[in-house]
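Below is one structure; the comments refer to it alone.
The values are calculated or read from the model by the stated rules, or taken from the named source; none is laboratory data. Keep in mind it's a predicted model, so treat the numbers as computed, not measured. Here the Cβ positions follow ideal geometry from the backbone for every residue, glycine too, while neighbour counts run over all protein chains shown.
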Amino acid sequence: MHKFLKILTGSDIILVIFLLFISLTLFLYSHKTNSQKLVEIFYQNKLIGSFPISKSKIINVDKNIKVEIKNNKVRMLENTCKRQICVKQGWSDSVPIICVPNKVMIKIVSKSKKKMLITY
């Protein structure tokens with residue numbers, strides 16, 4: 001370990017400190033933005049609800065349609081559509097999940113942009 005420290009120059013130490021600072025800043029920024037995201041669920045062109053992505057929850061959209069929010073991600077847990085493409089899509093933290101046959105849309109928006117609603 002002592003030999004390793006002799007190899008490092010002053011600019012190497014500054015570079016390591018700078019990279020650690022950038023990494024910490026990006027980590028804190030991503031954590032902050034995740035806590036400000038909402039999951040909006042639309043069913044048959046109506047907004048069912050807006051839920052924070054940071055809190056784990058299972059939402060019953062209809063009798064056999066379930067959405068799960070967990071670990072700052074969302075997925076279609078169960079659905080009655082034939083091909084199950086929306087269920088197979090898996091977890092998402094940014095891309096919308098859409099089930100065309102049942103008219104279900106799950107999108108992730110930031111709280112500051114919540115005023116912009118997209119309808120289909």
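Condition check: under 21 Å from LYS103 (Cα atoms), charged (D, E, K, R) and at pLDDT below 95. Does LYS66 satisfy that?
On the way: under 21 Å from LYS103 (Cα atoms): yes; charged (D, E, K, R): yes; at pLDDT below 95: no.
Here the answer is no, as LYS66 does not meet what is asked.
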*Could you check, for region 42-52, whether at least one of its residues is surrounded by 12 or more Cβ atoms within 10 Å (Cβ to Cβ), in contact with a helix residue (DSSP H, G or I) (Cβ under 9 Å, 6 or more places away or on another chain) and not in a strand (DSSP E or B)?*
no
_Scope region 22-60; condition over 30 Å from CYS86 (Cβ atoms) and at pLDDT 80 or above; matching residues_ = ILE22, SER23, LEU24, THR25, LEU26
*asked:* As an exercise: evaluate THR80 against (1) closer than 17 Å to GLN36 by Cα; (2) hydroxyl-bearing (Ser, Thr, Tyr); (3) in a loop (DSSP other than H, G, I, E, B) and give the number of the one condition it does not meet.
replied: (1)
*Determine, yes or no, whether LEU19 is of a type in the set (A, V, I, L, M, F, W, C), at pLDDT 85 or above and out of contact with any strand residue (DSSP E or B) (no Cβ under 8 Å at 6 or more places or on another chain).*
yes
